[in-house]
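Reviewing the structure listed below.
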Amino acid sequence: MTSSRPRRPDRLRFVITPLAALLAVLGAGWGFAADRIGARWPAHEDGSVRPIDWRTVAGTVTGAVALGALAARFEEPAATLVFGAYLVALVLLLATDLDQRLLPDVITLPAIPLALGFVLLGLDPLVAVGDLPVAIAVAVAVPLALAVVALPFGEGAIGMGDLKLLISVGLLAGPFRMFSGVVYGALLAGVVIVVLLVARRITLKTYIPFGPFLIFGAMWAILVIR
């Protein structure tokens with residue numbers, strides 16, 4: 001009897017193929033464009049447009065690496081297309097959060113039913129249809145748990161946009177990868193904050209958005225973790 005579980009993708013191979021190179025170039029272009037979009041949309045209250053700065057570089061590099069790695073991660077056309085579209089959305093969310101500390105609902109909310117439908121169709125190589133009930137439960141439970149943990153730290157410790165994003169991550173990537181992505185994101189946040197504190201670029205009272213670290217963790221979970 002054939003197993004109902006989808007075939008797991010091979011471990012990510014860091015091999016530069018023509019497709020990977022093409023996707024990396026396209027990803028870099030999209031990362032730059034996403035930064036320029038994030039500098040304008042949603043509109044700033046004062047109508048200003050942020051000039052090109054370090055955030056532009058971060059978005060460009062992230063787009064190049066994420067889409068370049070996509071070619072080595074998935075072989076199925078449907079998976080490559082859907083996860084590619086999701087990574088494109090994550091790069092745009094990175095740009096808006098770095099610029100305005102905002103993960104727009106117009107991106108995070110539609111991703112939830114789309115992710116659910118992708119799994120239900122049996123096209124997701126990371127989550128089997130039979131595992132969907134557990135994936136749904138964890139995709140909801142983890143954001144709720146983070147919201148409760150963040151309560152003592154006051155408003156702004158973790159945003160609603162972060163929690164909505166995690167639901168789609170949990171549905172697409174599965175419970176283990178979702179949890180691992182959150183852990184990796186938290187560790188990365190800790191390292192960055194310590195470095196910035198030592199360099200005296202921030203203080204203990206400086207607000208640091210957690211969204212970008214969750215996004216990097218989600219990318220890591222999708223592209224690297226088996």
Q. Of (1) under 18 Å from Ile225 (Cβ atoms); (2) open to solvent by 10 Å² or more (accessible area, probe 1.4 Å), Ala139 satisfies all except one. Which?
A. (2)
Q. When the residues of region 150-171 are filtered to those that are modelled with pLDDT of 95 or more and β-branched (Val, Ile, Thr), which remaining residue is most open to solvent (accessible area, probe 1.4 Å)?
A. Ile167
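Between Leu87, Leu109, which is at pLDDT 95 or above, within 18 Å of Leu214 (Cβ to Cβ), open to solvent by 60 Å² or more (accessible area, probe 1.4 Å) and aliphatic (A, V, I, L, M)? Step through it out loud before you land on a result.
Details: Leu87 fails: open to solvent by 60 Å² or more (accessible area, probe 1.4 Å).
Every option except Leu109 fails the conditions.
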Q) If you take the residues of region 172-181 that are closer than 13 Å to Ala137 by Cβ and open to solvent by 10 Å² or more (accessible area, probe 1.4 Å), which of them is farthest from the chain's Cα centre (by Cα)? A) Pro175
Q | Selection from region 29-68 of residues that are at pLDDT 95 or above, open to solvent by 30 Å² or more (accessible area, probe 1.4 Å) and among the hydroxyl-bearing types (Ser, Thr, Tyr) | A | Thr60
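Taking the stated definitions as given, is Ala147 open to solvent by 20 Å² or more (accessible area, probe 1.4 Å) and under 22 Å from Leu102 (Cβ atoms)? Please lay out each step first, then the result.
Numbers: open to solvent by 20 Å² or more (accessible area, probe 1.4 Å): yes; under 22 Å from Leu102 (Cβ atoms): yes.
The answer is yes for Ala147.
With respect to Asp97, is the statement that it is under 15 Å from the mean Cα position of the chain (by Cα), among the charged types (D, E, K, R), part of a helix (DSSP H, G or I) and surrounded by 21 or more Cβ atoms within 10 Å (Cβ to Cβ) true? Let's see the steps before the verdict.
Numbers: under 15 Å from the mean Cα position of the chain (by Cα): yes; among the charged types (D, E, K, R): yes; part of a helix (DSSP H, G or I): yes; surrounded by 21 or more Cβ atoms within 10 Å (Cβ to Cβ): yes.
Considered against the rule, which asks whether it is under 15 Å from the mean Cα position of the chain (by Cα), among the charged types (D, E, K, R), part of a helix (DSSP H, G or I) and surrounded by 21 or more Cβ atoms within 10 Å (Cβ to Cβ), Asp97 comes out as yes.
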Q. Would you say Leu120 is at pLDDT 95 or above, surrounded by fewer than 16 Cβ atoms within 10 Å (Cβ to Cβ) and in contact with a helix residue (DSSP H, G or I) (Cβ under 7 Å, 6 or more places away or on another chain)?
A. yes
Q: Could you please give the count of residues in region 182-220 that are small (Gly, Ala, Ser), modelled with pLDDT under 95 and either closer than 20 Å to Ala150 by Cβ or buried (at least 19 other Cβ atoms within 10 Å of the Cβ) (or both)?
A: 5
(Q) For region 15-28, give me each residue that is more than 9 Å from Ala71 (Cα to Cα), among the hydrophobic types (A, V, I, L, M, F, W, C) and either touching a Phe, Trp or Tyr at 6+ places or on another chain (Cβ under 7 Å) or crowded, with 19+ Cβ neighbours inside 10 Å (or both). (A) Ala24, Ala28
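The values are calculated or read from the model by the stated rules, or taken from the named source; none is laboratory data. Given the structure is predicted, the values throughout are model-derived calculations rather than measurements. Using ideal geometry, Cβ is built from the backbone for each residue, glycine included, and neighbour counts are taken over all protein chains shown. What goes into the accessible areas is simple: the full protein's heavy atoms, side chains included, and nothing from ligands, DNA or RNA. Shrake-Rupley method; radii C 1.70, N 1.55, O 1.52, S 1.80 Å.
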